[in-house]
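The values are calculated or read from the model by the stated rules, or taken from the named source; none is laboratory data. All values derive from a computational prediction rather than experimental measurement. Note: ideal-geometry Cβ built from the backbone for every residue, glycine included; neighbour counts use all protein chains shown.
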Amino acid sequence: MPARVLPSHHSKILQSLGRIFRKLFHSRRWCVYAASVKPRLRHVADLAGVSQATVSRVLNGKAGVAETTRREVLSALNQLGYEPVGVARTRPRRGLVGLIVPELDNPVFPRFAQAIESRLAGEGLTTVLCTSTPAGMGEADYLDVLLDHDVTGVVVVSGLGADSSAASDHARYLDLLARGVATVLVNGRPEGLAVPAVTVDHAAAAGMGVAHLAALGHRRIGLAVGPRRYQPSIDFLAGYRQSIAEHGQAEELVSETLYGIEGGHAAAVQLLARGATGIVCGSDLMALGVMRAVREAGLQVPGDVSVIGFDDAAPNAYVHPPLTSIQQPFESMAAAAVQLLNEQPTDSGPMPELRFRPELVARASTGPLRVAAEVHGA
């Protein structure tokens, strides 16, 4: 059957409508969102032609924004129906708090999740647990969903805030605060990000590990740490450098790798080749990988190499040998996170960061350097 040809006047009408819609589409003043989708900070920024940080400054009444730019932002806010901060803070809540954690196969994250959920329940709040994974929904996706459900607050554990290279993603936290959603970052606030946070002192943790090994006589102490773009790794490295200098070790023995057992294994191969007799790790899982690499090299823990983990969330007392680890104060940090959630600052002043000191728990994976010397007949 031959194709049907529209009458010429119909074609002209469609062409005219097409020109009109194209003109509207390319106009900055025309923007349509589905009724069920609430405008975000990025939507306002796109419509006004500015950065999300600029929108946040306007919302919080901060200086440093040109008057013409401020008017553009206010106009975009009005067009999109973006709620002012005061309205967002007085809106009825349903007692929901979003808790975003990375993958649950690392014992440290379920430990934090359990401690925080317990504290929230004690405050009469319901936890919405969100696990971000590379193959599934990410942190940004969950934040959108949580905002659509009018959550009371959001707690993010070791999220994108820990990645110092993800500055564009940090604006999402400012978006939450601007909308009146209480927000707390746990072990994940880079320098300069004005969001309430709770963190363990990673620099102190590294220093404790080095000091423990130095006291046992080790003089070639290595560090297996995660990628340096992450704030915990940055702090860990700073603490390590300071501590080895204090104990007279001139050479840095550092392996930057991925967190996890495989990363620890790869780090150990490098550090053993450089003569490390003691290794401080950025996580317990990394330490397990280090111990495996030591055994594969025909060496013993701690007879030849002493190993220290970090977190102490895994059943470290039941591995062989029991793992010396630097313990995070999970319960205290969870209590502090919920307290910050309930006492969220309402002004534009400095945002608090509560820093907790860890504790070294000595077990059988660390021993005196003289043991290694005796094994080799020195």
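Quick notes on this structure:
- Where ARG189 falls short, out of the listed (1) in contact with a Phe, Trp or Tyr (Cβ under 8 Å, 6 or more places away or on another chain); (2) among the charged types (D, E, K, R); (3) surrounded by 24 or more Cβ atoms within 10 Å (Cβ to Cβ): (1)
- Any hit, the range 330-351, residues being surrounded by fewer than 21 Cβ atoms within 10 Å (Cβ to Cβ), touching an Asp or Glu at 6+ places or on another chain (Cβ under 8 Å) and either touching a residue at least 12 places away in the same chain (Cβ under 8 Å) or not in a loop (DSSP other than H, G, I, E, B) (or both): yes
- If you check ALA171, ALA140, ALA211 for being part of a helix (DSSP H, G or I), over 13 Å from the mean Cα position of the chain (by Cα) and not assigned by TED's automatic domain parsing to the domain that holds GLN249, only one passes: ALA171.
- For the range 274-287, taking the residues that are outside any loop (DSSP other than H, G, I, E, B) and more than 23 Å from the chain's Cα centre (by Cα), the one that is surrounded by the fewest Cβ atoms within 10 Å (Cβ to Cβ) is identified as GLY278.
- Taken over the range 293-318, residues that are more than 29 Å from the chain's Cα centre (by Cα) and hydrophobic (A, V, I, L, M, F, W, C) amount to 5.
- Flag if PRO134 is in contact with a Ser or Thr (Cβ under 9 Å, 6 or more places away or on another chain) and either surrounded by fewer than 23 Cβ atoms within 10 Å (Cβ to Cβ) or among the hydroxyl-bearing types (Ser, Thr, Tyr) (or both): no
- Residues of the range 143-162 classified as assigned to a helix (DSSP H, G or I), modelled with pLDDT under 90 and under 14 Å from GLY98 (Cα atoms), total: 4
- Selection from the range 177-201 of residues that are at pLDDT 90 or above and either assigned to a strand (DSSP E or B) or farther than 21 Å from PRO232 by Cα (or both): VAL181, ALA182, THR183, VAL184, LEU185, VAL186, ALA197, VAL198, THR199, VAL200
- Among the residues of this structure, GLY226 does not count as one that is more than 28 Å from GLU103 (Cβ to Cβ) and crowded, with 22+ Cβ neighbours inside 10 Å.
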